[in-house]
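Comments concern the structure below.
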Ligand code: C5P
């Protein structure tokens with residue numbers, strides 16, 4: 001993986017997405033398609049963007065019984081996306097089944113999508129973990145546990161906040177990928193994200209890929225914001 005910065009395309013539909021990308025001349029870049037857009041536009045938009053040269057993180061965070069996840073992953077592998085993910089809370093067998101599905105659905109000569117486990121959403125804090133989810137461990141402990149579980153199930157990496165990258169690398173090895181959302185410029189609002197960091201800190205702490213949405217899409221000049229983020233991320 002070549003340290004991509006995935007732009008989160010959190011738009012209501014293909015029309016808004018295509019207009020945004022065209023207006024701000026954001027061509028051939030890594031993008032993330034999440035539930036909002038995928039549930040509206042389906043695989044067609046993924047295929048269109050892929051054909052135009054975008055590389056794609058399909059962020060659908062699957063969480064179901066192993067067999068269902070395996071069959072779903074077979075279908076997603078056929079789309080030729082770069083990254084897909086599952087909730088690590090679905091358990092080891094579910095993640096193993098996800099990988100089996102990806103392997104079965106990837107045609108020969110094609111690159112299998114990376115399988116990434118979601119540890120804890122970056123909108124979760126320790127109070128939520130205890131009071132709402134009933135998990136009595138600390139946030140870091142829980143995240144490292146989920147990272148190790150993902151690793152043992154054959155996932156290629158995890159989604160986590162930048163602050164957790166060093167402990168995850170220590171627990172699972174440096175080649176285990178860390179994909180980090182919750183990225184903000186120094187002076188931005190955190191919105192609903194609880195554990196945020198700048199692109200520069202993400203690089204310093206060893207993230208392999210970052211995801212940025214609103215700091216770019218809601219900026220006054222998204223093209224400029226995108227270029228700034230890439231510069232910070234690449235330490236240029
Ligand atoms: O706008 P913002 O930069 O907060 O967008 C972050 C993106 O990353 C959103 O699309 C969100 O769904 C996604 N994401 C996240 N936390 C995770 C996994 C994905 O924020 N753990």
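Where a number appears in this text, it was derived from the coordinates with a stated rule and is not lab data. Values in this document were obtained by computation on a predicted structure and should not be read as measured data. Reconstructed Cβ throughout: ideal geometry from the backbone, glycine too, with neighbour counts over all protein chains shown.
Could you list 137, 233 in order of exposure, starting from the residue whose Cβ has the fewest other Cβ atoms within 10 Å?
Going from sparsest to densest Cβ surroundings: 137, 233.
Using r as the Cβ-Cβ distance of residue 1 and residue 130, and R0 as 30 Å, what FRET efficiency do you calculate, to the nearest 0.05?
My answer for the efficiency is 0.30.
Among 134, 78, 206, which one moves the most in a GNM of the chain with springs linking Cα atoms closer than 10 Å?
With Cα springs under 10 Å in the chain, the top fluctuation among 134, 78, 206 is at 134.
What share of all Cα pairs of the chain, in percent, falls into each consecutive 5 Å distance bin?
P(r) over the chain, rounded to whole percents: 1, 7, 14, 18, 20, 18, 13, 7, 2, 0.
Of the candidates 45, 133, 115, which one comes out as most mobile in a Gaussian network treatment of the chain with C-alpha springs shorter than 10 Å?
Checking each option, the largest mean-square fluctuation is seen for 133.
Would you mind ranking 236, 41, 227, 170 by Cβ crowding within 10 Å, fewest neighbours first?
236, 170, 227, 41
Can you tell me how the stretch 114-236 classifies by the Cα gyration tensor, rounded, prolate or oblate, using a/c under 1.5 as the rounded cut?
oblate
So how much slack lies between residue 174 and residue 234, counting 0.36 nm per residue of separation and subtracting their Cα-Cα distance, in nm?
19.7 nm
State, to one decimal in nm, how far the label point of residue 189 lies from the label point of residue 23, with both points 7 Å from Cα in the Cβ direction.
1.9 nm
Gaussian network model of the chain, Cα springs within a sub-10 Å range: biggest mean-square fluctuation belongs to which of 23, 132, 204?
132
Using Cα pairs closer than 8 Å and at least 6 residues apart in sequence, work out the relative contact order for the stretch 5-233, in percent.
Relative contact order, the stretch 5-233: 17 percent.
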